[in-house]
Each structure stands twice: as C-alpha cells, then as structure tokens.
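*Asks:* Mind looking over this structure? Questions follow.
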Amino acid sequence: MHDLVKTLSPSPDLCGWETEFRQAGLDWVPDPMMLRSAELFVAGRHRCEKALGQDAARLWTAIEHNLDGVLAFFHALMTRERIPFIDYEMTYLPLVLQDKLESLALDVHPSGAYASIKQAALLQVAQFDFSRVDPSTTARIDDEKLCFGYKWEPSLGELEVDEAHRQIASFALGGLVFGAYAQASRSDHLLQSTRGNLFVDLAADGSLPPSRGLRKEGELFADLERLALRDPRFAVGREAAPPTVLHYLLARGVRNTEGMLEEALNLRAQSDWQRYRAWYRKLRQAWADGGHDPAAEAEVGAVVEELKRRIEGAPLHIATLKCNGELTAEARVGGDIGLAAAKAGAKGTIKIETKDLPVNVPHKLLNWFIDHLILSRHQKLLLEMSLDQRRFDDLAYGLRGAWMAS
C-alpha cells in the first residue's frame, strides 16, 4: 500500500520524478481539460449552470465533445491508485470532484521544474505553423475553454507568434508541458481529444507519442472493444480501451451523475474491484518494464471468447449420446391415435433407429457455471462491463439525460 500523501511537489531534478511519482502511487498524467470534463459531468447541470454562468445546452455540448475524457476518468478511477490534480486550482475554479475523491485525490505542484520544462516546450512551439490549424478546431477550443472556465494561459514570452494565434499557441504549449511531465515521470499521458486534434492540425502528433502503456493497452483490448462497442461515435479516432464502470452503472439504473461517482467509489472499495485493480497493476507494471505478463494478458483473450459465445447465442455441445434398440411401452391414451396397434390399453414395441443425439447445456446454466467456477472475479467484471456496453448504441443520449436531471 502507498502512503496516501495529500500533496506532491516533484523535485527540480527530473531524474527523480519516476521514483517520486511511484512512491505517491501515481502513474498517469491527465490533461487538465480531460479532468475538467469529468468534473463538469459529475457536478450535474444545476451546479454547473450556477458556478459557470453558462446555459445547459452549451455546457452539455462541450461535455459531449469530451465524453471520451469522462469515460477515461471513470476507467482510471477503477484501475489506478490516485487521481492527480496538477496545479488544478491555477486552471479552474474547483467544483466538486476533488472533495468527493477525498484521499484518492493528489495535489501535484511541479513548480520546481516548471520553468525548465516550459522553456523546452517553447522551442517546440516555435516550430509550429499555426496558420495550418483548421478554424473549426480553433472555434471548438475557444468555446470549450469558455464553458469549462479554463484560466491557464502559459505565457509565450518573447516567442514570435502573430496576435491572432497567440491563444491557440498558448493552448498547445500547455499540452506540451503536461506531456513533458508524463515523459519525465515515465507515466501515461491522457491527452484531451480537442488538444490532440490541434496537434494533428499542426502535424505535430509525433511530438506527443502515446506512452508504451497506453499503446499496449489499446492493442490488448482491441478485440474486446470490437465486440462490445456499439456506439459508432466512440469507435473513431480513439485508442481501443476496455469498457468502463460507467456502462456498468447506467445498466444498473444509476441516473444521477454525482451518484455515479459515489457508487463507483463504493464499488472501488469492494474486494472484486480491488482484484480488478491489482490485475491491471500487473499489466501496467510489465508494460512499464518493457515487457508483458503473458498470463495476465491471456485472461483478456478468455473473456473475448466467452463474449463471442454469449453474443452468438450458440449452445455449448458437451457430449453425444448414441441411441439404439427398442422401446416397449404401454399406451394409456383413449381413442384412435392413428396407429392400428395403438389403441386404448394396447401394448406395443417402437423401433428406434440408431442415431447420435447431441447433449447441450442450457444458456443460463452454462453462464452460471462459467461466471462462478471458470472466470476469475476480475474477468467476470470485465465480461459484465462488456455485456453492459453492448446495451448502449447511443451512450451520449443516456448520459445527457442523467446530467440534465442532476
């Protein structure tokens, strides 16, 4: 168990960051816009309208554009040890998320190394041609920053950028700074999709390559996602990832966004979900070491095969019986049944042609057997979340209803 420190101030020497992050139970760096989308979702419509002074329709549009970030947050909540808030109060007015997370939240203040990291990032920004940015990308960034209450505008200093592009350049700079935090600590960097689109427009996606852990996770869960994902809007332009607890909660009737977080936190403390997190920790540790854990990864393959069987609905054929011989019976029916010898009270012999008869296991019995005796407890959770995800072909519509009512 990690000592749950409340604050982490990484040293100016970047060489020590990996050790410092791991000692604090931290192995990922979320984009502040990604974390904010989760906070606004959890806060619900009424609190967001009051705190941000924006109308509900506009706020939801911004959240909906970042639903992949909301899903990523809930996935991290169930599979990672801590949720880092990196100078969060410098970027936003906190609403509810950090208080709800209590000891899981970790304040991170990398002020000792910020200047050197930012200077290196500015050299990258200087290479960008901001005239290549699609106007729709710029418009979306401006609107999301306004809706999210985004206040962090890292200074460009004396960097020569024309006035029309300075804000977008500052936004790119922020992404590079957080990418450098992840690189220095050898942590996974979860980049907001809108900021990622900006780097694509700049043809600079190579400057923020996905971490090995995120890349290996995408490869491992690609087959499972192809089977479980039915909402086409989440099938394009995102890394493959396992289903999240958000599908699990929606499928069980949780319709309040703050209640979703509270229920997820309750589940997180249960033994099955602790095992799920421990299994994920084994996977990520092996990837971080440059290898992989064959036994842990094979468990995903077993879930994929079981999910295929349940989707196809084919019964499991377990044996074949060979029937032959004669069957002697006494008829106890009244009236003529169409056979001359089969009258009331008559006895007769029925010839049976020798043949093979398949023996199949009923679905309910087989599913119970696999759930309780074959799959491990964390495999069962993964299967349940996959089946729950298949129930939603318009996840945004369901989440919108929950957010509007909260």
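We did not get these values from a lab; they are worked out from the coordinates using the rules stated. A quick note: this is a predicted structure, and the numbers were derived from the prediction, not measured. Neighbour counts are summed over all protein chains in view; Cβ atoms, including those assigned to glycine, are modelled from backbone coordinates with ideal geometry.
*Asks:* If packing is taken as the average number of other Cβ atoms within 10 Å across a peptide's residues, how do 37-46, 290-299 rank, most packed first? Show your work: numbers first, answer last.
*Replies:* Details: 37-46: 24.0, 290-299: 12.3.
Averaged packing, sorted descending, gives the order 37-46, 290-299.
*Asks:* Sticking with this structure for a sec: Kindly rank 274-280, 23-29 from highest to lowest mean number of other beta carbons found within 10 Å of each residue. Can you show the working numbers first?
*Replies:* Details: 274-280: 17.0, 23-29: 21.0.
Listed from highest to lowest mean packing, they are 23-29, 274-280.
*Asks:* Taking the number of other C-beta atoms within 10 Å as the exposure measure, put Ile117, Ile63 in order starting with the fewest. Walk me through the numbers on the way to the answer.
*Replies:* Details: Ile117 19, Ile63 26.
Ascending Cβ contact count within 10 Å gives the list Ile117, Ile63.
*Asks:* Let me ask something else about it. Would you calculate the separation in nanometres between label points at Ala295 and Arg226, each defined as 7 Å from the Cα along the Cα-to-beta-carbon direction?
*Replies:* Result: 2.9 nm between the two label points.
*Asks:* With point charges of +1 on the Cβ of Lys and Arg and -1 on the Cβ of Asp and Glu, referenced to the Cα centre of segment 1-209, which listed residue (Leu190, Val29, Leu4) lies farthest in the positive direction of the dipole?
*Replies:* My answer, from the dipole projection, is Leu4.
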